[in-house]
Amino acid sequence: MVSIVVPTLNEEANLVPLVTRVAAAMDRRPGGWELICVLDGCTDESLRVLLDLRERHPQVKVVELASSVGQHAAIAVGLAYSAGDPIVTLDADLQNPPEEIPRLLEALASGHGAVGTVRRSRQDSALRKSASLLFRTLLAHAGGRHRMADPGCMLRGWSRDVVQRFLDAGEPPLYLPVQLNRRAESYHEFDASHEARAGGESRYDALRLLRLLGRALLAARAPGLGRLRKAVVKGTHGFGP
């Protein structure tokens, strides 16, 4: 089974096309899949939309957080609930097309412990592109031996072994591509398409990107994953008894 973890912050407008496109990409593949949407303190109708989608797509599962903890911490909580091997991460805004997931899976199946993507022909504003360029330049080498050409892109995949090593360490989820890639024996990346945001507005302006960079480089104090999960998980849907 493949686990797909998606952090979600007030993305109700994008959830129906997200699930529809993920299902179209994954239903043709053997082995099954689960889509874990982590609601990062959502104040819109995301939960209702996802519960409605579960009636047609039981692979959809929901982790509801009581408050917003940020993209990377939300993903880490989703990793803790995942059961698949491998695990893929994807943003909910559909700028990274779900149709690229099979390419990630092929690269992981070839033996790489971590696989990333590089956004080409980016569909972002000039300010966002400039901030992201600074972010990428400063963070590109932070992954140790595995240099990332586009560390800000969250269309990524890891083997269960790599994810489990991170979960077992219990360290604070600061910047997951760096923390996970360091635990992989081999890393591969490829160019992926990038689309305009399907709906809603981006939560990442230049200031937020710089704050995220500061946390990643300075390893700011933060609760470990175990404490974080106990403190913020409000409810779950689709994980069984």
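Of note:
- Amide H contacts under 5 Å for TRP33, placed H, 5+ residues apart: VAL2
- Pair-distance profile P(r), taking every C-alpha pair of the range 21-111, with 10 angstrom steps and integer %: 14, 48, 33, 5, 0
Computed from the coordinates by the stated procedures, all read-outs in this text should not be read as laboratory data. Owing to the predicted nature of the structure, the values given are computational and were not obtained by experimental measurement.
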